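Visitor: Before anything else, here's the structure in question.
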Amino acid sequence: MNKAKILELFNKHMRIEITYPGTRMEQTESVVREVSLTNERGFILYSQMNESTADAIIEEQITYFNNLKQPFEWKVFDYDQPLDLKERLRLRGFDIEESEALMITDLADGDQLLNIPLMPEIRRITDEQGIWDMIELEDEVWGVSHHSLGKRLVRDLQDDPANLLAYAAYVDGKAVSAAWMYLHEGTPFASLWGGSTLSDFRKRGLYSSLLGIRARDAAERGYQLLMVDASSMSEPILEKHGFHCLARSTPCMSPRH
């Protein structure tokens, strides 16, 4: 894997030129931002700053989103400039969340993922009820409500079913493990999300099966690069399946007003 080349592709396709359903993408001289059109939070996806301009640009973005009455997340990668950007946001009142690993695998490098055995419990989710089955699972695993995520997934499945592929493992009619994938049209990237499993059903190969079926479906549709924002728990599992950590990112949540 040419990590520098893939990171260059990632910046171009997934931070600068990306578009998401239900959003308005705006590009200024300093930032690429995503404004929600559905009363959800916005995002700063990419920035170009230096030590002398960063503080003023941060203030500009806070003012901009405050005028929209919209909270926003500034996603800071460890190679973003200035290198103390995360600390500057913290001092300005942003909540700094746990860092994630940007894990990417190139399906052209081998067939490891494509040959993972698929468990018979895995099903493709194609309707609204299946989404809410997944959300019930997420709520149970994490102990918090994922209702807004469910609404977004239902909307995206209805509006663009070719580019949102969702899957769950069912046992006795109940979803016990689930994950989904977005195909980013016009790019080589598919992004993987979820991968939660009820505690009683872990270490049975369901997580790996969900990786395998998404890899196969992405490859069949011509997508070569799979990416994950991985937690510390998922990172070693993904490494075992051929993913590489190219960078680390930190979600920084805008000051509350």
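All of the numbers you see were taken from the coordinates with simple rules; none came from a lab. None of these values were measured; they are calculated from a predicted model. In this analysis, Cβ positions are derived from the backbone assuming ideal geometry, glycine residues included, and neighbour counts consider all displayed protein chains.
Visitor: Can you tell me which condition A218 does not meet? The list is (1) closer than 20 Å to M14 by Cα; (2) assigned to a strand (DSSP E or B), and all the others hold.
Guide: Looking at each condition in turn, A218 falls short on (2).
Visitor: Let me ask something additional. Going through segment 29-42 one residue at a time, which ones are hydroxyl-bearing (S, T, Y) and not in a loop (DSSP other than H, G, I, E, B)?
Guide: Once the filter is applied, which keeps residues that are hydroxyl-bearing (S, T, Y) and not in a loop (DSSP other than H, G, I, E, B), segment 29-42 yields only S36.
Visitor: Consider L45 carefully, then state whether it is touching an Asp or Glu at 6+ places or on another chain (Cβ under 7 Å) and not small (G, A, S).
Guide: Numbers: touching an Asp or Glu at 6+ places or on another chain (Cβ under 7 Å): yes; not small (G, A, S): yes.
Spelling it out, L45 is indeed touching an Asp or Glu at 6+ places or on another chain (Cβ under 7 Å) and not small (G, A, S).
Visitor: Are any of the residues in segment 43-59 in contact (Cβ under 8 Å) with a residue 40 or more places away in the chain and part of a loop (DSSP other than H, G, I, E, B)?
Guide: No, that holds for no residue.
Visitor: Going by what's in this entry, would E26 be described as assigned to a strand (DSSP E or B), acidic (D, E) and more than 23 Å from S99 (Cα to Cα)? Break it down stepwise before answering.
Guide: Values: assigned to a strand (DSSP E or B): yes; acidic (D, E): yes; more than 23 Å from S99 (Cα to Cα): yes.
Yes: the conditions hold for E26.
Visitor: Here's a follow-up. In segment 225-239, how many residues are surrounded by fewer than 16 Cβ atoms within 10 Å (Cβ to Cβ) and in contact with a Pro (Cβ under 8 Å, 6 or more places away or on another chain)?
Guide: Adding up the residues that qualify gives 0.
Visitor: Would you mind telling me which numbered condition in (1) over 24 Å from D200 (Cβ atoms); (2) surrounded by fewer than 22 Cβ atoms within 10 Å (Cβ to Cβ) L153 fails?
Guide: (2)
Visitor: Quick check on my filter: what residues within segment 151-193 are within 15 Å of the chain's Cα centre (by Cα) and in a helix (DSSP H, G or I)?
Guide: Across segment 151-193, the qualifying residues are R152, L153, D156.
Visitor: Please specify each residue of segment 110-165 satisfying the condition of being touching a residue at least 40 places away in the same chain (Cβ under 8 Å), closer than 19 Å to P21 by Cα and basic (K, R).
Guide: R152, R155
Visitor: Could you go through segment 72-95 and let me know if any residue there is touching a residue at least 24 places away in the same chain (Cβ under 8 Å), touching a His at 6+ places or on another chain (Cβ under 7 Å) and either surrounded by fewer than 17 Cβ atoms within 10 Å (Cβ to Cβ) or not in a helix (DSSP H, G or I) (or both).
Guide: Looking for residues that are touching a residue at least 24 places away in the same chain (Cβ under 8 Å), touching a His at 6+ places or on another chain (Cβ under 7 Å) and either surrounded by fewer than 17 Cβ atoms within 10 Å (Cβ to Cβ) or not in a helix (DSSP H, G or I) (or both), one finds none in segment 72-95, hence no.
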